[in-house]
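The values are calculated or read from the model by the stated rules, or taken from the named source; none is laboratory data. Since this is a predicted model, take the numbers as computed values, not measurements. Counting neighbours? That spans all protein chains shown, and the Cβs are built from the backbone with ideal geometry, glycine included. Accessible surface is based on the protein model in full, side chains and every heavy atom, while ligands, DNA and RNA are left aside. Shrake-Rupley method; radii C 1.70, N 1.55, O 1.52, S 1.80 Å.
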Amino acid sequence: ENAFQQEFALLSRIKHPSIVAGYDYHGRDNLLGPAYSLELVGGPSLLELHRSQPGRFDLLILQICQILEFVHLQGIVHCDLKPDNFKVSCGQEDSKLSVVKLLDFGLAESVELIKESKIKGTLDYMAPEILRSQAYSYPADLYSLGVILYELVSGGLPFTAADPAILISRVLEEEPEP
């Protein structure tokens, strides 16, 4: 229940048109566990939109950078940036009407409250310092953003492996293909 309360409190604190809005929190009662309601965000994920309409890339990435700047200026590290956590509400045919929304703040932390390094996030997008259980901060999100950009430009992730241990080893020891 504490994790739900923390995520809802964070979403309530940071208001931005490109961040999913949190509405109501309901604590544990006799029948149900804790829950909260969020803004319903329609549209494709960032990767889905890019695959179908690659011409929108520059304006979408600019919005993502602006969202990330705002989140970091609030003292928050998202800790789980990946294409599926960005939804794009599309306007008509004009890409200027597309609005990127950042979702899923379940792993986000206040940079001031990060006391110990915990391995968390989506493995393909995790920064090396998190994989090494080292202290992390805003640069961990920037690493994840770099992986997203690499994936959008190249069509694949910089490192892949079916075995998580091999994937971690590749991230920590190898350079991605250009």
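Taking the Cα centroid of region 4-36 and of region 107-165, what is the distance between the two, rounded to the nearest whole Å? Each part reduced to its Cα centre gives a spacing of 24 Å.
To the nearest 500 deg cm²/dmol, what mean residue ellipticity at 222 nm is calculated for the chain from DSSP H runs of n ≥ 4 alone, each contributing -39,500 (n - 2.57), summed and divided by the residues?
Details: 6 runs with 67 residues, N = 178.
So the calculated ellipticity at 222 nm is -11500 deg cm²/dmol.
The fraction of accessible area contributed by carbon and sulfur in the chain is 54 percent, rounded to a whole number (1.4 Å probe; ligands and nucleic acids excluded).
Distances between placed amide hydrogens fall under 5 Å for ILE19 paired with LEU102, all partners being 5 or more residues away or on another chain. Proximity of backbone amide H atoms, modeled 1.01 Å from N, is registered between HIS26 and ALA35, TYR36 at under 5 Å, excluding neighbours fewer than 5 places apart on the same chain. Using C-alpha pairs below 8 Å separated by at least 6 residues, the relative contact order for the chain is 18 percent.
For GLU173 and TYR23, what is the calculated FRET efficiency with R₀ set at 41 Å and r taken between the beta-carbons, to the nearest 0.05? Between GLU173 and TYR23 the formula returns 0.35.
Classified by the C-alpha gyration tensor, region 36-76 has an oblate form. Its axis ratio a/c, with a ≥ b ≥ c, is 1.5 or above, and a/b does not exceed b/c. Our coupling estimate for region 56-71, obtained by passing each phi through the Karplus curve with A = 6.51, B = -1.76, C = 1.60 and θ = phi - 60°, is 8, 3, 5, 5, 5, 5, 4, 4, 4, 5, 5, 4, 5, 4, 4, 4 Hz, Gly and Pro reported as x. Computed 3J(HN,Hα) for region 73-83, one whole-Hz value per residue from the Karplus formula 6.51 cos²θ - 1.76 cosθ + 1.60 where θ = phi - 60°, is 5, 7, x, 10, 9, 5, 6, 8, 6, 6, x, glycine and proline marked x. Send over a whole-number figure in Å² for the accessible area per residue of region 1-148, probe 1.4 Å. I get 53 Å² per residue for this part.
Available extension along the chain between HIS16 and CYS65 is 16.3 nm, counting 0.36 nm per residue and deducting the alpha carbon span.
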